[in-house]
Amino acid sequence: MAIAKGYAAHAASAPLAPFTFQRREPREDDVVIAIRYCGICHSDIHMVDNGWGASVYPLVPGHEIAGVVTAVGAKVTRFKVGDHVGVGCFVDSCTTCAQRDVDREQYMPGLVLTYSGFEPGSSTPTYGGYSDSIVVKEGYVLSIPDNLPLDAAAPLLCAGITLYSPLRHWKAGPGMKVGILGMGGLGHMGVKLAKAMGAEVTVLSQTLSKKEDGLRLGASHYYATSDAETFTRLAGSLDLIICTVSSPIDWNAYLSLLKVDGTFVVVGAPEQPVPVNAFAVIPHRRSLAGSMIGSIKETQEMLDFCGRHGIVADIETIGVAQINDAYKRVLASDVRYRFVIDMATLG
Ligand code: NAP
Ligand code: ZN
């Protein structure tokens, strides 16, 4: 077994600290990856804090992994040493389900999360990408197009696919008015992807402080949700809203911005319940929906789409010693627009 270096939380809300652990012995269908960069997703913070109640400690977060293949098992056919690859939010899934429903395996039981899950058939926790290496089954490794820089491509593995999947599912494209609620890591990817798909994009942010960026990234309109006038002006005007907000907010107010048959898709995952008024959806036959990351097939499709359109995240690169400070800045909505950890700083 190979020794890996990383950063872990040892208890709920504990600061992350250096941690040495073992990666599994590579099997014949495994790919060994030297992790170069890993994005900081807000989910990492929810998980470190045990905000959703399912965290396993020690917890090495990180599911926006970009790196280089250093070894492949005898049965691996799609990757070779030196390839640029990514790993997202899950590293295995129920084989039966995956065979039955290869396009939606993230919704099937038996999903093995990249961190805070368990190695299949064992009580060993899975450890994520805030580390220098990872061993992953070939079927869960993604190919990163060569024209995309690894650091800025890393966030595509979660933020990118989490917005790409609902945009595709609800058919974002020319003629569709798409609202992106929250201009953080997920939200800024939503602006870029929806624009590249041909939709007309409106950003709904707490303030106008990031308006210039939103318009530069592809939004046609940018409104402050702290301004009551926004809700009268946009009432009944949007086809699709994707909510990336990590805290509980009044979804009813945003449902009122949808047209007849419009859909409000929840991807942001607050730790507390959010009450919904029946009359926020009844009168205009509106839908309230959710969406979780994307399948491996769809994630590869998204990476190829980003390769063709030259889409990556806007990032701020940090060293491992800055992870705890970066968490504070994410919680304060002070990130433009994704922190990415440079794993070379693990030393
Ligand atoms: P992030 O970078 O922190 O962005 C969240 C944005 O929400 C902030 O930038 C802010 O945007 C807005 N916001 C935060 N607090 C708010 C409040 N109290 N009221 C109104 N708006 C607020 O986080 P992220 O990494 O994009 O993740 C967002 C959420 O999605 C998290 O809950 C995460 O766990 C979840 N997530 C879900 C999936 C999935 O598969 N469904 C995948 C990944 C992440 P403005 O400053 O523009 O207002
Ligand atoms: Zn994530």
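The values are calculated or read from the model by the stated rules, or taken from the named source; none is laboratory data. Since we're looking at a predicted model, the values are computed, not measured. Counting neighbours? That spans all protein chains shown, and the Cβs are built from the backbone with ideal geometry, glycine included. Note: areas computed on protein heavy atoms with side chains; ligands, DNA, RNA excluded. Shrake-Rupley method; radii C 1.70, N 1.55, O 1.52, S 1.80 Å.
General observations
- Applying the condition of being of a type in the set (Lys, Arg) and touching a Gly at 6+ places or on another chain (Cβ under 7 Å) to region 1-60 and asking which residue is surrounded by the fewest Cβ atoms within 10 Å (Cβ to Cβ) yields Arg27.
- Count of residues meeting criterion [in a loop (DSSP other than H, G, I, E, B) and either within 10 Å of Phe339 (Cβ to Cβ) or in the same structural domain as His188 (by TED's automatic domain parsing) (or both)] in region 33-51: 2
- Across region 166-184, the qualifying residues are those that are within 19 Å of Gly88 (Cα to Cα) and open to solvent by less than 10 Å² (accessible area, probe 1.4 Å), and the one among them that is nearest to ligand 1 (Cβ to nearest atom) is Pro166.
- Neighbours by Cβ (under 7 Å, 6+ apart or cross-chain): first from region 254-273, within 16 Å of Ser43 (Cβ to Cβ) and away from ligand 2 (no atom under 16 Å from the Cβ); second open to solvent by 40 Å² or more (accessible area, probe 1.4 Å) and small (Gly, Ala, Ser): none
- Failed condition for Gly128, given (1) among the small types (Gly, Ala, Ser); (2) buried (at least 24 other Cβ atoms within 10 Å of the Cβ); (3) outside any loop (DSSP other than H, G, I, E, B): (3)
- Check on Arg78, open to solvent by 60 Å² or more (accessible area, probe 1.4 Å) and part of a loop (DSSP other than H, G, I, E, B): yes
- Leading residue by the ranking (nearest to Asn50 (Cα to Cα)) among those in region 251-275 that are of a type in the set (Val, Ile, Thr) and in contact with a Cys (Cβ under 9 Å, 6 or more places away or on another chain): Val267
- For region 275-300, the tally of residues that are exposed (fewer than 14 other Cβ atoms within 10 Å of the Cβ), over 16 Å from the mean Cα position of the chain (by Cα) and assigned to a helix (DSSP H, G or I) stands at 2.
- Selection of helices (runs of 4 or more DSSP H) fully inside region 142-256 by the criterion of at least 2 residues being among the aliphatic types (A, V, I, L, M) returns 150-153, 159-169, 185-196, 211-217, 251-255.
- Number of the condition not met by Leu303 [criteria: (1) within 17 Å of Met189 (Cα to Cα); (2) surrounded by fewer than 20 Cβ atoms within 10 Å (Cβ to Cβ)]: (2)
- Where Gly319 falls short, out of the listed (1) surrounded by fewer than 17 Cβ atoms within 10 Å (Cβ to Cβ); (2) more than 27 Å from Ala154 (Cβ to Cβ): (2)
- Near pairs, Cβ below 9 angstrom, 6+ apart or cross-chain, from region 155-184 (at pLDDT 95 or above) to any residue that is of a type in the set (Phe, Trp, Tyr) and more than 12 Å from ligand 1 (Cβ to nearest atom): Tyr164/Phe305; Met176/Trp170; Val178/Trp170; Gly179/Phe264; Leu181/Phe264
- Ala98 meets each of the listed conditions (1) outside any helix (DSSP H, G or I); (2) modelled with pLDDT under 95; (3) more than 20 Å from the chain's Cα centre (by Cα) apart from (1).
- Of residues in region 28-86 being more than 16 Å from ligand 2 (Cβ to nearest atom), among the aliphatic types (A, V, I, L, M) and under 21 Å from the mean Cα position of the chain (by Cα), the one farthest from Leu303 (Cα to Cα): Val56
- The residues of region 196-249 that are farther than 22 Å from Val330 by Cβ and either within 10 Å of ligand 1 (Cβ to nearest atom) or open to solvent by 50 Å² or more (accessible area, probe 1.4 Å) (or both), listed by number, are Glu200, Leu215, Ser220, His221, Asp227, Ala228, Glu229, Thr232, Arg233, Ala235.
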